[in-house]
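J.: Would you mind keeping the following structure in view while I ask a few things?
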Amino acid sequence: MDSVKFHKYSEYSKKGFILIFGIALIIRIINYYSLIPSKYDTLLFTLITVWAALITAVDIFTKNFSLKKADYLLLAFILAILLSTFINGPAGIVDNIKLVIWQFIYLFVVFRIGREDHFKQIIPMFEKILLACWNLLALISLGMFALNYSYVQELDKFYNGFRAGFVENRLYGVFSDPNFAGATSVAVIFLAVKLLMTNKNKMAKIYSIVTILLQFAYIILSGSRTAEIALVLCAYFAIFFIVYNRFGKTIASKLLLAVICGIIGTGAVLGIAEAGKYAAPKLINITARYVPRKSENPDKDRNPISLKRDDVVNKDDVSNNRFALWKSSFEIFQSSPLVGSSPRNLVNYAQKELPNTFIATKKQTSHNFIFYLLATTGLLGTIPLLVFLGIKIWNTLRQLFMRTIKDYDSYVLNTMAVLAILISAMFLTELVLVNKIGSFIFWLYLGGISAFEYTKVKGE
């Protein structure tokens, strides 16, 4: 086989890998998927791991496995996890090794493919699948809300058990966790806005609007404050940079108009969200008089629907235990500042070394990727990754303010998809040390926008 054909088949393999991996992660967030025997999930992701290994091996063999300067920080991060694993072993050593493999796949396969693709073929193909799947899942979930369907069952795989439909004044729908689902919905909204702004086809525009409405509705009904924060902040920055690029003649006028429009636009988003929260329960409560409700908890059917979360409203802690988890994470970090506890040994380490800390008693993770990094990988793991992300943020802002990118609006909105996951990772265990669709979106799209770092800007 000649080199041209070999390269062609290699590219086909990468396309297939991204699509299959992405679809597998989408399926994995569906709550009913957890009812399938775990051996099938293990088999599926083992095959994906082998596929990733083959892609890496082929790229090394063909000398296509090139590392940029910042990539060595990611390599240092991987080595830090390994060091923490062996120092804290044997507890959690097998699970940590598995995690290292998955982290390598995200950082050196998914991220690198995204950077090579440059938003040309692979990412747009995945994007179509993501929007279609997420719309379907959101639509089914909204249907559950309309019928006031709810189902709860004890299940060890989930901290709060298996939940489906509208449970405890939150719309889980078909998602295992409304927080993670809501964060992805935010990313999907901005990808849909990109489609709306860049595609001239009438049906594509209608599809984009429907997508935005569906995902916005799910975010409101999910009760995820994390998703709402991500939506508001991303909306502000999207409006800011799009206005900054299009209007004003001087830098000062551009900045002033961008700030004002960003505030107005964000206010509009908040207003619509609050109106939706007010109207949706009332509408369902009215229709419930004529449409029979479906619930596994018939005693609750007499109660009117509300979006007020009891776990938030009836608590003095506005963070819903996050402050306690962050404090506990920092205490664990202080006990082992260089290497931490290792990711899959966090709870066991806390129970052994700090039995009275919050994580030890509640058996939860940090709900913030920085505190999670500090607690599990120490300074040796946290510093390289944060420096890497800092470099990416700086380079992205540089591109945004220099305005040299041809498809500027698309670049802004792709960046918002990345930012949505980054913001959510400040309140969830997301981004790194997990195998979730949000992490996949983050590293794939970060790779895509990183490709622009190597294009020349004005003045160079």
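The values are calculated or read from the model by the stated rules, or taken from the named source; none is laboratory data. Quick caveat, the model's predicted, so the values are computed rather than measured. Cβ coordinates were reconstructed from backbone atoms using ideal geometry, including for glycine residues, and neighbour counts include every protein chain displayed.
J.: Among S306, S295, which is surrounded by 15 or more Cβ atoms within 10 Å (Cβ to Cβ) and at pLDDT below 95?
T.: One residue alone meets the criteria, S295.
J.: Residues that are in contact with an Asp or Glu (Cβ under 7 Å, 6 or more places away or on another chain): find the strands (runs of 3 or more DSSP E) completely inside the range 85-177 holding 1 or more of those.
T.: Qualifying strands (runs of 3 or more DSSP E): 150-153.
J.: Consider only pairs whose beta carbons are under 6 Å apart and that are at least six residues apart or on different chains; among these, list those whose first residue lies in the range 259-275 and is farther than 24 Å from L307 by Cβ and whose second residue is of a type in the set (S, T, Y) and part of a helix (DSSP H, G or I).
T.: From the range 259-275, the pairs are G262/Y236.
J.: On to the next question. What's the number of the only condition in (1) charged (D, E, K, R); (2) under 30 Å from I251 (Cβ atoms); (3) in a helix (DSSP H, G or I) that K406 fails to meet?
T.: Unmet for K406, out of (1) charged (D, E, K, R); (2) under 30 Å from I251 (Cβ atoms); (3) in a helix (DSSP H, G or I): (3).
J.: Is it fair to say L213 is under 21 Å from L419 (Cβ atoms) and hydrophobic (A, V, I, L, M, F, W, C)?
T.: For L213, the condition - under 21 Å from L419 (Cβ atoms) and hydrophobic (A, V, I, L, M, F, W, C) - is not met.
J.: Which residue out of Y106, Y159, Y149, Y72 is within 18 Å of the chain's Cα centre (by Cα) and among the hydroxyl-bearing types (S, T, Y)? Full working, then the answer.
T.: Details: Y159 fails: within 18 Å of the chain's Cα centre (by Cα); Y149 fails: within 18 Å of the chain's Cα centre (by Cα); Y72 fails: within 18 Å of the chain's Cα centre (by Cα).
Sole residue among the options that is within 18 Å of the chain's Cα centre (by Cα) and among the hydroxyl-bearing types (S, T, Y): Y106.
J.: Please specify each residue of the range 1-47 satisfying the condition of being part of a helix (DSSP H, G or I), over 18 Å from G114 (Cβ atoms), in contact (Cβ under 8 Å) with a residue 60 or more places away in the chain and hydrophobic (A, V, I, L, M, F, W, C).
T.: Once the filter is applied, which keeps residues that are part of a helix (DSSP H, G or I), over 18 Å from G114 (Cβ atoms), in contact (Cβ under 8 Å) with a residue 60 or more places away in the chain and hydrophobic (A, V, I, L, M, F, W, C), the range 1-47 yields L35, F45.
Residues are listed down the side, and each one gets a yes or a no for (1) over 29 Å from L446 (Cα atoms); (2) surrounded by 22 or more Cβ atoms within 10 Å (Cβ to Cβ); (3) free of Cβ contacts under 8 Å to residues at least 12 places away in the same chain:
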| residue | (1), (2), (3) |
| --- | --- |
| L142 | yes, no, no |
| A181 | no, yes, no |
| K205 | no, no, yes |
| I209 | no, no, no |
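J.: I've got another one for you. Consider L221 carefully, then state whether it is under 22 Å from Y278 (Cβ atoms), in contact with a strand residue (DSSP E or B) (Cβ under 9 Å, 6 or more places away or on another chain) and in a strand (DSSP E or B).
T.: no
J.: Between residues in the range 53-67 that are within 14 Å of I101 (Cβ to Cβ) and touching a residue at least 24 places away in the same chain (Cβ under 8 Å) and residues that are hydroxyl-bearing (S, T, Y) and assigned to a helix (DSSP H, G or I), which pairs lie under 9 Å by C-beta distance while being six or more apart or on different chains?
T.: So the pair list comes out as L54/S13; I55/S10; I55/S13.
J.: Among the residues of the range 221-242 satisfying the criterion of being surrounded by fewer than 20 Cβ atoms within 10 Å (Cβ to Cβ) and of a type in the set (V, I, T), which is farthest from I421 (Cα to Cα)?
T.: That would be V232.
J.: May I pose another question? Among the numbered criteria (1) in a helix (DSSP H, G or I); (2) within 21 Å of L131 (Cβ to Cβ); (3) not hydroxyl-bearing (S, T, Y), which single criterion is violated by K254?
T.: (2)
J.: Filter the range 343-401 down to residues that are part of a helix (DSSP H, G or I) and basic (K, R) and give me whichever is surrounded by the most Cβ atoms within 10 Å (Cβ to Cβ).
T.: Keep residues of the range 343-401 that are part of a helix (DSSP H, G or I), which gives 343-353, 358-362, 369-401.
Filter once more, keeping what is basic (K, R): 344, 352, 362, 392, 398.
Values: R344: 23, K352: 12, K362: 15, K392: 17, R398: 13.
So the residue we want is R344.
J.: Here is a list of conditions, (1) farther than 26 Å from W134 by Cβ; (2) of a type outside the set (K, R); (3) modelled with pLDDT of 70 or more, and I242 meets all of them except one; can you say which number that is?
T.: (1)
J.: Among M416, M426, which is outside any helix (DSSP H, G or I) and under 30 Å from A258 (Cβ atoms)?
T.: M426
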